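Novice: Encoded as structure tokens, here's the structure I'll be asking about.
Coordinate-derived values only; no laboratory data. Predicted, not measured: the structure shown is a model, and the values here were computed from it. Virtual Cβ from ideal backbone geometry, glycine too; neighbours counted across all protein chains shown.
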Amino acid sequence: MFSRRLLAAAALMGALALVGCSKGSGGAASSEDMSLGDPKAKVQVTEYASASCAHCARFNNEVFPAFKAKYIDTGKVHYTLKEFLTPPENVAAAGFLLARCAGKDKYFTVLDSIYKNQSEMFQTGDFRGVLLRIAQSSGMTEAQFSACIQDDAAQKALAARVEKHIKEDKVDSTPTFDVNGVRLKSGEISMPELDAAYDKAAK
């Protein structure tokens, strides 16, 4: 579990600039939180996650598929992902901006690819190359990818979301899970723990 306070917005923007190779007009990145499932579901599960968090990647790769199939796809749970930044913050930010620029319908697919290729990024240090490959697999050109992660408005919106999560939601680590607005756990979580949380919330 990573604990990390938000960098100043200016520092974040500077770090993001290291990821791209050129500036350009921004991509159409939406600013709202991304979600899956029935918004009217009795149980609402929120995950605060970072695209560069190894623990978040492990949850995505090993636990989330079963959770999604059992609860989200069946309409029992409405799941919301709230973006957070952990070291290296520039990589996490670029990942989230890329997922948003790919389009709302591809957001979770792109984020899943980032998590599944996260270890390669860390092992090789080729963060931009791996993210570019994911962008291209989602239908973006290199120019579109560079423009996306250099988008000033999208960067500022991301920084504002993270700051809100810290100040208002009292989040300082990832992954963090809330169920129906109540903090369940900070740190890795298992399927049995999620089962128990669902059973309690669904009563």
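Novice: Given the pairs Lys104/Lys167; Lys76/Lys200; Lys82/Lys170, which span a C-alpha to C-alpha distance of over 19 angstrom in this model?
Specialist: Lys104/Lys167
Novice: Here is a follow-up. Set the Förster distance to 22 Å, then compute FRET efficiency between Phe122 and Asn61 from the Cβ-Cβ distance, nearest 0.05.
Specialist: 0.95
Novice: At a Förster distance of 25 Å, what's the computed FRET efficiency of Met191 paired with Glu32, Cβ-Cβ distance as r, to 0.05?
Specialist: 0.35
Novice: Which of the aspartates and glutamates could be linked to Lys185 by a straight reach, that is with a Cα gap under 18 Å, when you skip same-chain ones fewer than 8 residues away?
Specialist: Within the straight-line limit of under 18 Å, Lys185 reaches these aspartates and glutamates: Glu47, Glu62, Glu83, Glu168, Asp169, Asp172, Glu193, Asp195, Asp199.
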